[in-house]
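J.: First the structure, which I've put down as structure tokens, then a few questions once you've had a look.
Every number here is computed from the coordinates shown, using simple stated rules; none is lab data. As the structure is a computational prediction, the values presented were derived from the model and not from experiment. Every residue, glycine as well, gets a Cβ built from its backbone with ideal geometry; the counts of neighbours run over all protein chains shown.
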Amino acid sequence: MVLKLAIQKSGRLHEDSMKLLNDCGIGIKNGHNQLKSVADNFPIEAYFLRDDDIPQYVEDGVAHIGIVGENVLYEKNKSVDIVEKLGFGKCRLSIAVKKTDEYGDARFLEGKKIATSYPFLTQDFLNKNGVNAEIHEISGSVELAPGIGLADVVCDLVSSGSTLFMNGLKEVEPILQSEAVMVRTKELTEEQQSVLNQLLFRIRSVRKAKRNKYVLMNAPNESLPQIIKLLPGMRSPSVLPLAETGWSSVHSVLSEDEFWDKIEQLKAAGAEGILVVPIEKMIV
Ligand code: ATP
Ligand code: MG
């Protein structure tokens with residue numbers, strides 16, 4: 001019995017979803033126009049689908065797990081559980097108006113026509129703000145709607161804002177922050193749950209490794225106490241003697257957020273020849 005995983009067939013989430021599986025050592029081939037593909041070394045079968053269909057497939061249990069954007073997940077409002085945020089496909093669903101409009105707040109939307117591919121989330125935003133507006137659901141190129149007189153306002157996905165800008169619009173209110181997430185169906189057998197746990201363990205190890213770097217440096221022995229204090233490592237740094245007496249090589253792991261700060265302090269403390277190496281997996 002294999003765990004069935006729904007991923008986007010093509011589009012913005014496809015590459016990153018495949019890369020994540022690949023980084024987890026799971027080899028899945030995506031043949032041209034293939035609907036599904038079995039991994040050769042892990043009990044998983046991938047289903048390649050339109051992202052809009054993924055929440056329904058997972059709710060029905062046709063796919064046991066899926067990778068989908070939070071925006072699509074909340075719009076479809078299906079009964080599935082989020083098991084892990086995946087850190088890619090980041091964007092926001094935002095209200096955008098014509099560049100020349102003065103928005104102020106949500107009351108601006110009263111009586112307006114709003115074009116969107118997200119009618120449920122848009123209506124929810126209007127309700128929360130006690131505003132009445134007319135929603136026009138369109139499935140793509142929402143940013144063109146105001147230019148052709150179909151709507152006054154749009155509610156659309158934004159990452160850089162350049163698409164809006166090129167169409168004479170400006171983002172005025174984000175209503176949802178989104179990224180790709182792993183979802184699961186409500187009912188899993190013990191065996192399926194155990195495969196999912198193995199997969200999640202690998203995903204967390206890969207993502208943790210990406211946030212950390214392996215650093216090596218040389219240091220005169222007298223500055224070791226100060227340098228060791230700066231380097232937590234996974235337990236504590238490794239210190240190896242160099243062939244030249246009075247010098248050591250120090251190895252440790254540093255996280256992305258403290259990285260540049262720490263490198264400056266290490267140099268000031270006397271570290272030389274600092275090497276920074278990517279980590280592939282980090283098992284803790
Ligand atoms: P499908 O054919 O699978 O229905 P689609 O055209 O609906 O694809 P894509 O444009 O490939 O969808 O986007 C998939 C997801 O990527 C979005 O639902 C969203 O979660 C995420 N995403 C990240 N940045 C952006 C962005 N700037 N614009 C649109 N989607 C984005
Ligand atoms: Mg879609």
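J.: Within segment 1-21, can you find the residues that are without any contact (Cβ under 8 Å) to a residue 40 or more places away in the chain and either within 16 Å of ligand 2 (Cβ to nearest atom) or in contact with a helix residue (DSSP H, G or I) (Cβ under 8 Å, 6 or more places away or on another chain) (or both)? Quick ask: steps written out before the conclusion?
T.: Step one: list which residues in segment 1-21 are without any contact (Cβ under 8 Å) to a residue 40 or more places away in the chain, which gives 10, 14-15, 18-19, 21.
The answer is 10, 14, 15.
J.: Something else: Would you point out which residue out of 79, 37, 10 is surrounded by fewer than 21 Cβ atoms within 10 Å (Cβ to Cβ), in contact with a Gly (Cβ under 7 Å, 6 or more places away or on another chain) and not aliphatic (A, V, I, L, M)? Write out each step before concluding.
T.: Values: 79 fails: in contact with a Gly (Cβ under 7 Å, 6 or more places away or on another chain); 10 fails: in contact with a Gly (Cβ under 7 Å, 6 or more places away or on another chain).
None of the other options fit; the residue is 37.
This table checks each residue for (1) more than 22 Å from residue 196 (Cα to Cα); (2) in contact with a Phe, Trp or Tyr (Cβ under 9 Å, 6 or more places away or on another chain); (3) within 11 Å of ligand 1 (Cβ to nearest atom); (4) in contact (Cβ under 8 Å) with a residue 40 or more places away in the chain.
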| site | (1), (2), (3), (4) |
| --- | --- |
| 58 | no, no, no, yes |
| 87 | no, no, no, yes |
| 120 | yes, yes, no, yes |
| 127 | yes, no, no, no |
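J.: Hey, could you check segment 16-55 for residues that are more than 10 Å from ligand 1 (Cβ to nearest atom) and in a helix (DSSP H, G or I) and say which is nearest to residue 71 (Cα to Cα)?
T.: Initial filter on segment 16-55 (more than 10 Å from ligand 1 (Cβ to nearest atom)): 17-47, 55.
When the remaining residues are screened for being in a helix (DSSP H, G or I), the result is 17-23, 55.
On the way: 17: 16, 18: 20, 19: 21, 20: 20, 21: 22, 22: 25, 23: 25, 55: 11 Å.
So the residue we want is 55.
J.: Take segment 228-248 and flag every residue that is in a loop (DSSP other than H, G, I, E, B), surrounded by 11 or more Cβ atoms within 10 Å (Cβ to Cβ), under 40 Å from the mean Cα position of the chain (by Cα) and not small (Gly, Ala, Ser).
T.: Selection gives 231, 232, 234, 237.
J.: On to the next question. Inside segment 106-141, can you point out the residues that are more than 18 Å from residue 178 (Cα to Cα), part of a helix (DSSP H, G or I) and not small (Gly, Ala, Ser)? Spell out the reasoning first.
T.: Let us first name the residues in segment 106-141 that are more than 18 Å from residue 178 (Cα to Cα), namely 106-115, 126-141.
When the remaining residues are screened for being part of a helix (DSSP H, G or I), the result is 106-109, 126-128.
Hits for segment 106-141 are 107, 108, 109, 126, 127, 128.
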